[in-house]
1. For region 143-158, how many residues meet the condition of being under 27 Å from I221 (Cα atoms) and surrounded by 21 or more Cβ atoms within 10 Å (Cβ to Cβ)?
2. Identify, by number, the condition in (1) among the charged types (D, E, K, R); (2) in contact (Cβ under 8 Å) with a residue 12 or more places away in the chain; (3) within 15 Å of the ligand (Cβ to nearest atom) that R324 doesn't meet.
3. Please find, among A304, A300, A250, A255, the residue that is within 12 Å of the ligand (Cβ to nearest atom), under 12 Å from V236 (Cβ atoms), among the aliphatic types (A, V, I, L, M) and touching a residue at least 12 places away in the same chain (Cβ under 8 Å).
4. Mind checking whether some residue in region 204-212 is closer than 21 Å to A304 by Cα and among the hydrophobic types (A, V, I, L, M, F, W, C)?
5. Give just the number: which of (1) in contact with a strand residue (DSSP E or B) (Cβ under 8 Å, 6 or more places away or on another chain); (2) away from the ligand (no atom under 16 Å from the Cβ); (3) modelled with pLDDT under 95 does G241 not satisfy?
6. G264 - would you say it is at pLDDT below 95 and exposed (fewer than 15 other Cβ atoms within 10 Å of the Cβ)?
7. Could you please let me know if P170 is within 14 Å of S119 (Cα to Cα) and out of contact with any helix residue (DSSP H, G or I) (no Cβ under 7 Å at 6 or more places or on another chain)?
8. Determine if region 260-267 includes at least one residue that is over 21 Å from L118 (Cα atoms) and assigned to a helix (DSSP H, G or I).
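The values are calculated or read from the model by the stated rules, or taken from the named source; none is laboratory data. Small disclaimer: the values here were computed from a predicted structure and weren't measured. Here the Cβ positions follow ideal geometry from the backbone for every residue, glycine too, while neighbour counts run over all protein chains shown.
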Amino acid sequence: MSERLQIEKLGAQGDGVATTPKGQVFVPFALPGETVTVEIKGQRASLLEVNEPSPLRVAPKSVHFGRCGGCSIQHLDPESYAEWKREKVVRALAMAGVEAEVDALVVSPPASRRRVTLSAQRIGGRVQLGFNAAYSHDIVEIQECAVAAPQIVAALPELRQLATLLASGPKPFRLTVTYTRTGLDIAAEDVGKIDEGKRRRLVEFCLGKGFARLSSEGETIIEREKPVVMFGNVPVTIPPGGFLQATEHAEHVMASLVQEHLAGSKYVADLFAGSGTFALRLATASRVHAVESEGTALAALDEAAKRASGLKPVVAEKRDLFRRPLTEKELVAFDGLAFDPPRAGAEAQCEQIARSTVRRVAAVSCNPGTLARDLAILTQGGYRVTRVVPVDQFLWTSHVEVVALLEKPRKRN
Ligand SMILES: C[S@@+](CC[C@H](N)C(=O)[O-])C[C@H]1O[C@@H](n2cnc3c(N)ncnc32)[C@H](O)[C@@H]1O
């Protein structure tokens, strides 16, 4: 049965939120101030019609918007969108009791995402490739994408052929596609066992299409060329399936903020270093100790540092920083530190940093909630937050990255 609702605000995921006698209802693709006709299913509703549109409503950029779950909020004007994301950071800091001004959102341009994860599945004798619909396992096949790099979009027909070769049964699987300097790097997940015959067909296909590499569950099937990205001036061969910032634009913005903040440091710790996004740039000015738990990422960083010329010494340490954070005593050696943990944040590590004498700290995060908790630990330990910059590399989604810069004033005698 359809009902009319008045949308009051935007929720954290970009849905419109309305209050009904039965509680809050979340309406995807609806905006605050709008009157909409919906069909309510529990706490969620399907939007049937926008009866009174908001003046902030704009035409979405993608023909797939509304069905494809890749983007949740293309229909809001750019200024309100940027303020909504910035507010997420403001609210998270306020809830944790961290006092800091938050800069305006820095937004990566459309068509700049160099990495996307596509879903695939054989359905009725045909393999579908696209993004999952919102809150669903259904695949929405895409012919275009307003966020992905044009090189990825142009390869969609070939990626669909590749998915057809890879599909062995009805089970869904994923292809993470990264545009690199040497071509597309494709990492398959959940495709099952690949026998010799299939491997040969895949190798032939990928060579024919000029893909740089195909891997499955971290194992390389074919590497025509090493997939290379540049971290500053340093070329790095990324490991199959390893972490990479989603847009080069956001990576530059975040790395520049980190580099500028730590510019005067002699010896810097880069924690949760990945393949060296920050470490290899920081090493142009400072000695660097890079710590990371993923062996393949660390090996890529180490190899790149050894090949590069003109860098200060870089030492790579494999270590689980959740279980074994760098201790207050170990941190005595450093005058600068960057950390960029996964969504869970770096609570145990921040307890140690808070007690340390490290002068300048740059925190990078993909989760404002855990970042705010970690910043609260650091400020209770005497750090001062000097700048907070929200960065939007997952355009038109609810995700936001943040760079927070901190310093610890020297103790007076
Ligand atoms: C958000 S990524 C950042 C990587 C890198 N700084 C970059 O910008 O490319 C987080 C990194 O933390 C690593 N990581 C996850 N859990 C870890 C742990 N317990 N100890 C150390 N590193 C960890 C991941 O492997 C990943 O490389």
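1. Going through region 143-158 one residue at a time, the tally reaches 4.
2. Single failed check for R324: (2).
3. That would be A300, the only listed residue that is within 12 Å of the ligand (Cβ to nearest atom), under 12 Å from V236 (Cβ atoms), among the aliphatic types (A, V, I, L, M) and touching a residue at least 12 places away in the same chain (Cβ under 8 Å).
4. Yes, because at least one residue in region 204-212 is closer than 21 Å to A304 by Cα and among the hydrophobic types (A, V, I, L, M, F, W, C).
5. Here G241 meets the rest and fails (2).
6. Here the answer is yes, as G264 does meet what is asked.
7. The answer is yes for P170.
8. Yes, there is a match, as at least one residue in region 260-267 is over 21 Å from L118 (Cα atoms) and assigned to a helix (DSSP H, G or I).
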